[in-house]
Amino acid sequence: MVGGAAGSFIGPVHRMAAELDGVIELVAGAFSQDPERSRQAGASYGISAERAYANYEEMMERERKRQDAIDFVCIVTPNHLHLPVALAALEHGFHVMSDKPATATLEEAYALQEAVRRTSLLYALTFTYTGYPLVREARQMARAGALGKIRKAVVQYSQGWLSGSLEATGHKQAVWRSDPAQAGLGGAIGDIGVHAFNLLEYVSGHRVAEICADLSSVVAGRALDDDCNVLLKLDNGAPGVLFVSQIAAGDRNDLQLHLYGEKGGLHWWQEDPNRLELNWIGKPSQTLHAAADYLAPSTRLDFRLPMGHPEGLVEAFANIYRDFAVAVRSRFSDAAAQLSDIVPGIREGVRSMTFVERAVVSSRSRAGWVGLPR
Ligand SMILES: NC(=O)c1ccc[n+]([C@@H]2O[C@H](COP(=O)([O-])OP(=O)(O)OC[C@H]3O[C@@H](n4cnc5c(N)ncnc54)[C@H](O)[C@@H]3O)[C@@H](O)[C@H]2O)c1
């Protein structure tokens, strides 16, 4: 693990999720830019002292020489380090599981794509919401045509935690997210817009072909966007709307997907993730529940508890880790083994960074509609 020291948000979640099914073990890390804090984090994670490294370069070098070397590196640092850490891992022969966004800029995403291609190693991206069972069920249904031709898409991701200038108080997660040198090109759009964009493409099976973006920095003095309103055109001509905000006062983590086809619509809410609503034309509405027997056989592998026992974010992360572990393991016997397309990878990383770059640049120049290249 790179990142994830005490006081960090997502590193400890990765650790819980990775280890949930007993097939992955956290054995080494460079958990902080501060060697002493990295050492302390290693102790709190219960790993041996000589494998809590002072920095990630040292970790890659030393691990490469070990008989029991790590199999892959998990990246949970602020965004500007995603590319250098991923490149270092790949160059040292380690697969990569990175948190989003793939990189800080689109140019960096292309550089990473080239390195993944060149090294033929596995690269996965934790677009967390793709790990929820009912998101995967919705994906299967939409792609199999259950809704008919998709005719409208609405995706919303609203949070309120940056409604004030939290970064001015020194709040750790707010400080780097509002600093272009650490967050990259996008503010809210890079932080949560990429989740919304990915979720829409992941479930619908359609690419977003064109966008018309209006990004704002609502809180005075903020260098990056904190509110984004984007009109979409899918590759089948269907219209859509993506709205993302971190100044939606009072909202918590309100990610919602609404997909409408010719026959009906599907609706999923991240804050109530074990329910999928289906509204049909001319027949009664349906509610699908996680862990029910009537779900697709592959979806039934994605939960661990019987119906009515809620699972959530950690388990969704764990599903991505479990699928990644299968690919890493199969590499031991078949070097050509690839990651299942159920797990987002570098392709989704480049797509989402293309979206961020096009949205930021076109909004700044008030360019109106712009295309997203394939
Ligand atoms: N998938 C999700 O739902 C999700 C949720 C939250 C955050 N994230 C992503 O995870 C990443 C981390 O976000 P966070 O909120 O946990 O940030 P954070 O500020 O809470 O933690 C970042 C960690 O990285 C460490 N770090 C910084 N520089 C380092 C270096 N040079 N070497 C080693 N460690 C270093 C910090 O010490 C800290 O422990 C971001 O890219 C963010 O976009 C994803």
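The values are calculated or read from the model by the stated rules, or taken from the named source; none is laboratory data. The model shown is predicted, which means the values in this text are computed figures rather than measured ones. Note that we place each Cβ from the backbone using ideal geometry, even for glycine, and neighbour counts take in every protein chain shown.
Does at least one position in segment 296-313 carry a residue that is under 18 Å from the mean Cα position of the chain (by Cα) and either β-branched (Val, Ile, Thr) or more than 20 Å from residue 24 (Cβ to Cβ) (or both)?
Within segment 296-313, not a single residue is under 18 Å from the mean Cα position of the chain (by Cα) and either β-branched (Val, Ile, Thr) or more than 20 Å from residue 24 (Cβ to Cβ) (or both).
Would you be able to say whether some residue in segment 136-151 is crowded, with 20+ Cβ neighbours inside 10 Å and either farther than 29 Å from residue 259 by Cα or of a type in the set (S, T, N, Q) (or both)?
No, because not a single residue in segment 136-151 is crowded, with 20+ Cβ neighbours inside 10 Å and either farther than 29 Å from residue 259 by Cα or of a type in the set (S, T, N, Q) (or both).
With the requirement that a residue be of a type in the set (A, V, I, L, M) and either within 12 Å of the ligand (Cβ to nearest atom) or buried (at least 17 other Cβ atoms within 10 Å of the Cβ) (or both), what does segment 28-51 give you? It would help to see each step written out before you state the result.
Restricting attention to segment 28-51, the residues satisfying the condition of being of a type in the set (A, V, I, L, M) are 28, 30, 41, 43, 47, 49.
The answer is 28, 30, 41, 47.
Considering only residues of segment 305-337 that are touching a residue at least 40 places away in the same chain (Cβ under 8 Å) and outside any helix (DSSP H, G or I), which is nearest to residue 202 (Cα to Cα)?
Ranking the qualifying residues of segment 305-337, first place goes to 311.
Is it the case that some residue within segment 336-352 is of a type outside the set (Ser, Thr, Tyr), more than 30 Å from residue 105 (Cβ to Cβ) and more than 16 Å from the chain's Cα centre (by Cα)? Steps first, answer last, please.
Step one: filter segment 336-352 for residues of a type outside the set (Ser, Thr, Tyr), giving 336-339, 341-351.
Keeping just the survivors that are more than 30 Å from residue 105 (Cβ to Cβ) gives 336-337.
From the residues that got through so far, the ones that are more than 16 Å from the chain's Cα centre (by Cα) too are 336-337.
Looking for residues that are of a type outside the set (Ser, Thr, Tyr), more than 30 Å from residue 105 (Cβ to Cβ) and more than 16 Å from the chain's Cα centre (by Cα), one finds at least one in segment 336-352, hence yes.
May I ask you to verify whether residue 69 is within 11 Å of the ligand (Cβ to nearest atom) and either in contact (Cβ under 8 Å) with a residue 40 or more places away in the chain or not in a helix (DSSP H, G or I) (or both)? I'd like the intermediate steps shown before the answer.
Working: within 11 Å of the ligand (Cβ to nearest atom): no; either in contact (Cβ under 8 Å) with a residue 40 or more places away in the chain or not in a helix (DSSP H, G or I) (or both): yes.
So residue 69 fails the test.
Tell me the residue from 306, 310 that is under 18 Å from residue 17 (Cα atoms) and either loosely packed, with under 14 Cβ neighbours inside 10 Å or not assigned by TED's automatic domain parsing to the domain that holds residue 75 (or both), please. Spell out the reasoning first.
Details: 306 fails: under 18 Å from residue 17 (Cα atoms).
Within the list 306, 310, the selection yields 310.
Which of the residues belonging to segment 312-339 are away from the ligand (no atom under 16 Å from the Cβ), touching a helix residue (DSSP H, G or I) at 6+ places or on another chain (Cβ under 8 Å) and of a type in the set (A, V, I, L, M)?
Within segment 312-339, 337, 339 qualify.
Give 32, 48 a once-over and let me know the one that is touching a helix residue (DSSP H, G or I) at 6+ places or on another chain (Cβ under 9 Å) and under 23 Å from residue 173 (Cβ atoms). Steps first, answer last, please.
Working: 48 fails: under 23 Å from residue 173 (Cβ atoms).
It is 32.
For segment 173-204, which positions are hydrophobic (A, V, I, L, M, F, W, C) and within 16 Å of the chain's Cα centre (by Cα)? So that I can check it myself, show each step before the final result.
Just the residues of segment 173-204 that are hydrophobic (A, V, I, L, M, F, W, C), to begin with: 174-176, 181, 183, 185, 188-189, 192, 194, 196-197, 199-200, 203.
Passing the criteria: 183, 188, 189, 192, 194, 196, 197, 199, 200, 203.
Going by what's in this entry, would residue 17 be described as part of a helix (DSSP H, G or I), more than 20 Å from residue 93 (Cα to Cα), among the aliphatic types (A, V, I, L, M) and more than 9 Å from the ligand (Cβ to nearest atom)?
Values: part of a helix (DSSP H, G or I): yes; more than 20 Å from residue 93 (Cα to Cα): yes; among the aliphatic types (A, V, I, L, M): yes; more than 9 Å from the ligand (Cβ to nearest atom): yes.
Judged against the criteria, residue 17 is a match.
Let me confirm something: among 331, 374, 364, 358, which residue is more than 15 Å from the chain's Cα centre (by Cα) and crowded, with 20+ Cβ neighbours inside 10 Å?
Working: 331 fails: crowded, with 20+ Cβ neighbours inside 10 Å; 374 fails: crowded, with 20+ Cβ neighbours inside 10 Å; 364 fails: crowded, with 20+ Cβ neighbours inside 10 Å.
Only one candidate passes the filter, namely 358.
Mind listing whichever residues of segment 196-230 are buried (at least 16 other Cβ atoms within 10 Å of the Cβ) and in contact with a Cys (Cβ under 8 Å, 6 or more places away or on another chain)?
Matches in segment 196-230: 213, 215, 216, 230.
So, restricting to helices (runs of 4 or more DSSP H) that lie completely within segment 96-215, which ones have at least 2 residues that are within 14 Å of the ligand (Cβ to nearest atom) and assigned by TED's automatic domain parsing to the domain that holds residue 367?
On the way: elements: 106-119, 133-143, 172-177, 180-183, 194-204.
Of the helices (runs of 4 or more DSSP H) lying wholly inside segment 96-215, those with at least 2 residues that are within 14 Å of the ligand (Cβ to nearest atom) and assigned by TED's automatic domain parsing to the domain that holds residue 367 span 172-177, 180-183, 194-204.
Out of (1) touching a Phe, Trp or Tyr at 6+ places or on another chain (Cβ under 6 Å); (2) surrounded by fewer than 18 Cβ atoms within 10 Å (Cβ to Cβ), what's the single condition that is false for residue 282?
The number of the failed condition is (1).
How many of the residues in segment 348-363 are touching a strand residue (DSSP E or B) at 6+ places or on another chain (Cβ under 9 Å) and touching a residue at least 60 places away in the same chain (Cβ under 8 Å)?
Counting residues in segment 348-363 that are touching a strand residue (DSSP E or B) at 6+ places or on another chain (Cβ under 9 Å) and touching a residue at least 60 places away in the same chain (Cβ under 8 Å) gives 10.
Within segment 64-88, track down each residue that is crowded, with 21+ Cβ neighbours inside 10 Å and either of a type in the set (Ser, Thr, Tyr) or more than 30 Å from residue 185 (Cβ to Cβ) (or both).
Those that are crowded, with 21+ Cβ neighbours inside 10 Å and either of a type in the set (Ser, Thr, Tyr) or more than 30 Å from residue 185 (Cβ to Cβ) (or both): 70, 77.
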